Amino acid sequence: MNWFRFASPASFYPLAGRLAPWFGGGAAGFAAAGLYIGLIAAPTDATQGDAYRIIFVHVATAWMSMFIYLVMAFWCAVSLMFNARLAAMMAQALAPTGALFTALALVTGALWGKPTWGTYWAWDARMTSELILLFLYFGYMALRQAIDEPRRADRASAVLALVGAINVPIIYFSVKWWNTLHQEASVSLTSAPTMAAVMLTGMLLLALAAWFYSIAIALTRVRAIILERERHAGWVGEAALAVRGVR
Amino acid sequence: MTAAAGELGGIPAPGAWRGAAWAVRRDLRLALRSKAELGVQLLFYVIVVTLIPLGVGPDPALLRALGPGVLWVAALLASLLALPRLFATDFADGTLEQMALSPHPLPGLISGKIAAHWLATGLPLVAASPLLGLQFGLGDDELVVLALGLLLGTPTLSLLGAVGAALTLGLRNGALLALLVLPLYVPVLIFGAGAVDAVRTGMGAAAELSLLGAGLLTALVGAPLAAAAAVRIAID
Amino acid sequence: MLESKQLAAQRGAATLFSGVDFKLAPGDALLVTGANGSGKTTLLRIAAGLSHAVRGTLSWRGAAVAPLDPELRAAVMYIGHAAALKDELTAEENLASLASLHNGVATSDAVRGALASWSLERQRALPSRALSMGQRRRIGLARLTLVPRPLWILDEPAAALDTAGVALLCDMLGAHLAQGGMAIIATHQDIGLSGPSVRGLTLS
């Protein structure tokens, strides 16, 4: 089987359409199992009560927020090196999901912080890095939006994403450095209750759910992007007719 | 880099230095012909710094604690203010195309432009900073480290900013450049302001200054290549 | 020599032109004509190695070249709509600066000579912002005498030029072709260039 066949938007479009529901279903299943463990099966924490349960969601979203940026940067590198349109479209499709997870990580972190430390926002190293990561996502999306010509948008935003990806570890390191120098403001989100096996299982299940959700959404979104950008190509008209025929 | 240079790779060859020297000479001459604009940028720095005590009150202890951060944030903003000038006029009048078509490697020419830009807009901030630091009651050691930190940090700001300026060439959205560039400035701000703070708390600023220097070296290598790639994209 | 095969260009989703073939041997000139918006400038930018073609290939001396290919860059002089002049610099400084950018002759005598040949000796020390469109155009063209390049790509070189200027341009082009040079010129006015090696290409 020649996998490079799927590097063309026209042949990837139907494949993405077939795969997306499976990943969506997987996401729902993992999320249900993970939430069951997190909300019901896991015991109430002695010191934090039930408030700690939000870390099941928080950890998964925080992982995904960083990871999606790296995947996005990977597709951007591929698109620049091989001049591959589909890779650029994948990066474009991932950005809103990455930004969403980053925002969710911030919101869940704040919701966890309030009952636990009495404040929604602390200048914690992780939270601050997440906030800057959110700005990087916004910058990427805003640059794409500002450029009318899709090819230029692909390439310019790819350069930005790569520069950002090189900077993410440096930013994280610098924020950590800054944080240790200002201990008085530091509230570490790592002081979670010691991890029981059941909790770890719940967290991993929710992380898998986030993975599957991201893939399903990215595939669905990339289909929309393909249709929008290839609307003048002949096969898009045929695909549209086929959809109408089915309904 | 007389052989084909990739979008993001290449080793500077002697031609790169000649191109850089050409760009430095030309852009410095242009900067000296429009001194008024340079003065405005420096004044912006001075005024922003002066506004802070008016906002937070004249308490000397508070001002001394805020000083390093304020002076650095203002330097970031002043540096950002000057960025659009770096490529925009050359892009509009066709000079950038001629540079891309010249026999010199584009990253070399762009390094020269960034160097001239820093000399015209960054160095004045460095020179003015000790005077402004006095307004915040910084001690002698702190003033020296402030200027040293800015001397190492503002070129990094110009280099990173050049990538953003090249990416936003010809776009109508003026605030976009700030959104792209300011998050990348975070490490420079942290180590720059941190260096002055470290002196104030008696810890010594060697670590922060070394990190600023390391950041500058990294940016010196990477940013001109990324900016050149962005310029090629903009003129395509 | 410069050769193109099946070049195509797009603006947005609309195709500007497609299937453009041309071949330039030493001594040849190509006059590109066409209505406004037919893609003359785009074709010239592709030929100069500034822009990429959506389809088709461009080859220089028998080898296919990508945009900004160093070999092509070393051979081409592109003069576009924008004259690449700085308002703050004088005519002489502008010309010297551009000539040295392209590794051309930038000595004071040569620059003054080039300005004189385009009847700009009196404007030599004027800042460029004080010059008329035609005079700015002349400075752009004066670069051609300071930077020897086999391939000239000129976008509307006669725009804003007076009759004497057009005649000068035509003489220069004739001499360039006679020495084995090549030229691609986009124009919508007759610049008086003719001969067996001058061919036309009309974009529609």
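The values are calculated or read from the model by the stated rules, or taken from the named source; none is laboratory data. Source: prediction; values computed, not measured. For neighbour counting, all protein chains shown are included, and Cβ atoms are generated from backbone atoms with ideal geometry for every residue, glycine included. Note: accessible area is taken over every heavy atom of the protein model, side chains too, but ligands, DNA and RNA are not part of it. Shrake-Rupley method; radii C 1.70, N 1.55, O 1.52, S 1.80 Å.
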Of everything in the stretch B:179-236 that's at the interface with another protein chain (Cβ under 10 Å from one of its Cβ atoms) and not in a helix (DSSP H, G or I), which residue is least open to solvent (accessible area, probe 1.4 Å)?
B:Asp236
Determine if the stretch A:212-227 includes at least one residue that is open to solvent by 50 Å² or more (accessible area, probe 1.4 Å), more than 25 Å from the chain's Cα centre (by Cα) and at pLDDT below 90.
no
Across the stretch C:104-122, which residue is nearest to the other protein chains (Cβ to nearest Cβ) among those that are buried (at least 20 other Cβ atoms within 10 Å of the Cβ) and in contact with a Leu (Cβ under 6 Å, 6 or more places away or on another chain)?
C:Gly104
So, in the stretch B:77-98, of the ones that are farther than 20 Å from B:Arg172 by Cβ and either of a type outside the set (Ser, Thr, Tyr) or within 13 Å of another protein chain (Cβ to nearest Cβ) (or both), which residue ends up surrounded by the fewest Cβ atoms within 10 Å (Cβ to Cβ)?
B:Leu77
From the list C:Leu101, C:Leu95, exactly one residue is within 7 Å of another protein chain (Cβ to nearest Cβ) and crowded, with 23+ Cβ neighbours inside 10 Å. Which is it?
C:Leu101
Mind listing whichever residues of the stretch C:9-31 are within 14 Å of another protein chain (Cβ to nearest Cβ) and part of a strand (DSSP E or B)?
C:Ala9, C:Gln10, C:Arg11, C:Ala14, C:Thr15, C:Leu16, C:Ser18
Quick one: in the stretch C:160-179, of everything that is in contact (Cβ under 8 Å) with a residue 60 or more places away in the chain and within 16 Å of the chain's Cα centre (by Cα), which residue is surrounded by the most Cβ atoms within 10 Å (Cβ to Cβ)?
C:Leu173
Search the stretch C:32-69 for residues being assigned to a loop (DSSP other than H, G, I, E, B) and more than 14 Å from chain B (Cβ to nearest Cβ), and hand back the single one that is farthest from C:Gln189 (Cα to Cα).
C:Gly62
Could you please find all residues in the stretch C:70-92 being more than 7 Å from chain B (Cβ to nearest Cβ) and open to solvent by 10 Å² or more (accessible area, probe 1.4 Å)?
C:Glu71, C:His81, C:Asp87, C:Thr90, C:Glu92
Here are B:Gly170, B:Gly174, B:Gly133, B:Gly137: which of them is surrounded by fewer than 23 Cβ atoms within 10 Å (Cβ to Cβ), in contact (Cβ under 8 Å) with a residue 60 or more places away in the chain and more than 14 Å from every other protein chain (Cβ to nearest Cβ)?
B:Gly137
